[in-house]
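Structure record follows, encoded as structure tokens.
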Amino acid sequence: MDRTWEETGWEPLAHGVARRRLPRWDATVGVVHGERAVLLVDAGATLAEGARIRAEVEQALGRGVTHLALTHPHFDHVLGAAAFAGVEVYGAVGFDALLGNERERQALYEDAVRHGADPAEAAEAVEQLVRPHHAISGDMAVDLGGGREALIVNVGPGHSGHDLAVLVPGRGAEPTVVFCGDLVEESGEPQAGPDAAPAWWPAAVDRLLALGGPDARYVPGHGAVVDAAFVRAQRRDLAERFGVS
């Protein structure tokens, strides 16, 4: 199974857990699977990218995505969501209303184009954008079968007003894995756009660290997998940058 993931450009993180660094914007998508169900974390930046992710997961597992957790409402993480028709979609509370607002949808389109997305592709993706079916205000466990569970947790606000993390508890000698969204970035300084909540961001990172603990593998929204020491250091940098404790 690990060989199959690697053949499609994915990085195995633990049994039943993998991630992929997507080209161009270096955004991360993750997958967690059990015996019955497959959870995808984020969906890529375009419908075409979402379709490629869907095909790669099906190639590796022989079955499709059944659940989709969107870590935050930025174009490079959500505009591929319509490629996953029929799946159960999870977002932080308020995410659904945000994507239902025409002004916010226009802002999402403009942000994608400003970062180099093809205008026609961005318009199509926004038009078909999938809104979450499940609003997470605290946390929600998703039983994927065979003893594999993923915990979807509202840890924000921070990088955005609607930040989710996905915790995959370790089993035996395997590490716990935490998909952090853009609350943590490794390939550059964390980006704070107009919807960021700087005063709350360090506390959101504290929640990530409390979820995963000192030995977890932390998967940033952009960049390489990191450890708790990296996350703690980035938390200190964020607190200093934004002038909060």
- Query: Does any residue of region 73-81 turn out to be out of contact with any Lys or Arg (no Cβ under 9 Å at 6 or more places or on another chain) and open to solvent by 20 Å² or more (accessible area, probe 1.4 Å)?
  - Reply: yes
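From the list A37, A27, A69, pick out the single residue that is within 25 Å of D143 (Cβ to Cβ), at pLDDT 95 or above, crowded, with 24+ Cβ neighbours inside 10 Å and touching a Gly at 6+ places or on another chain (Cβ under 9 Å). Give the derivation first.
Working: A37 fails: crowded, with 24+ Cβ neighbours inside 10 Å; A27 fails: within 25 Å of D143 (Cβ to Cβ).
Sole residue among the options that is within 25 Å of D143 (Cβ to Cβ), at pLDDT 95 or above, crowded, with 24+ Cβ neighbours inside 10 Å and touching a Gly at 6+ places or on another chain (Cβ under 9 Å): A69.
Might you check whether a residue that is acidic (D, E), under 25 Å from L68 (Cβ atoms), touching a residue at least 12 places away in the same chain (Cβ under 8 Å) and open to solvent by less than 40 Å² (accessible area, probe 1.4 Å) occurs anywhere in region 195-216? Can you show your working first?
To start, the set of residues in region 195-216 that are acidic (D, E) comprises 195, 206, 215.
With the extra rule that they be under 25 Å from L68 (Cβ atoms), the set shrinks to 195.
If we keep only those that are touching a residue at least 12 places away in the same chain (Cβ under 8 Å) too, we end up with 195.
In the following step, the residues that additionally are open to solvent by less than 40 Å² (accessible area, probe 1.4 Å) were identified as none.
No, there is no match, as no residue in region 195-216 is acidic (D, E), under 25 Å from L68 (Cβ atoms), touching a residue at least 12 places away in the same chain (Cβ under 8 Å) and open to solvent by less than 40 Å² (accessible area, probe 1.4 Å).
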- Which one is farthest from the chain's Cα centre (by Cα) among residues in region 17-55 that are in contact (Cβ under 8 Å) with a residue 60 or more places away in the chain and at positive phi? R24
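This table checks each residue for (1) closer than 24 Å to V65 by Cβ; (2) more than 15 Å from the chain's Cα centre (by Cα).
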{"site": "H133", "(1), (2)": "yes, yes"}
{"site": "V142", "(1), (2)": "yes, yes"}
{"site": "G147", "(1), (2)": "yes, yes"}
{"site": "P157", "(1), (2)": "no, no"}
{"site": "H162", "(1), (2)": "yes, no"}
{"site": "F179", "(1), (2)": "yes, no"}
{"site": "A192", "(1), (2)": "no, yes"}
- What residue, among those in region 193-222 that are of a type in the set (A, V, I, L, M) and in contact with a Leu (Cβ under 9 Å, 6 or more places away or on another chain), is farthest from W25 (Cα to Cα)? L211
- Item | Cβ pairs under 8 Å, 6+ apart, first in region 106-119 and touching a residue at least 60 places away in the same chain (Cβ under 8 Å), second open to solvent by 80 Å² or more (accessible area, probe 1.4 Å) and of a type outside the set (V, I, T) | G116/R24
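Any residue that is assigned to a loop (DSSP other than H, G, I, E, B), of a type in the set (A, V, I, L, M, F, W, C) and surrounded by fewer than 23 Cβ atoms within 10 Å (Cβ to Cβ) - is there at least one of those in region 99-114?
Within region 99-114, none of the residues are assigned to a loop (DSSP other than H, G, I, E, B), of a type in the set (A, V, I, L, M, F, W, C) and surrounded by fewer than 23 Cβ atoms within 10 Å (Cβ to Cβ).
Got at least one residue in region 56-77 being part of a loop (DSSP other than H, G, I, E, B) and without any contact (Cβ under 8 Å) to a residue 24 or more places away in the chain?
Looking only at region 56-77, we keep the residues that are part of a loop (DSSP other than H, G, I, E, B), and these are 62-66, 70-74.
Subset that is without any contact (Cβ under 8 Å) to a residue 24 or more places away in the chain: 62.
There is at least one residue in region 56-77 that is part of a loop (DSSP other than H, G, I, E, B) and without any contact (Cβ under 8 Å) to a residue 24 or more places away in the chain.
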- Query: Within region 130-169, which residues are out of contact with any Gly (no Cβ under 8 Å at 6 or more places or on another chain), open to solvent by 20 Å² or more (accessible area, probe 1.4 Å) and closer than 22 Å to G80 by Cα?
  - Reply: V130, H133
- Item | Conditions (1) surrounded by 21 or more Cβ atoms within 10 Å (Cβ to Cβ); (2) more than 18 Å from L167 (Cβ to Cβ); (3) out of contact with any Asp or Glu (no Cβ under 8 Å at 6 or more places or on another chain); number of the one not met by T46 | (3)
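The values are calculated or read from the model by the stated rules, or taken from the named source; none is laboratory data. On a predicted model such as this, the values are computed, not experimentally measured, just so you know. For neighbour counting, all protein chains shown are included, and Cβ atoms are generated from backbone atoms with ideal geometry for every residue, glycine included. Quick note on the areas: whole protein, heavy atoms, side chains included, nothing else; ligands and nucleic acids left out. Shrake-Rupley method; radii C 1.70, N 1.55, O 1.52, S 1.80 Å.
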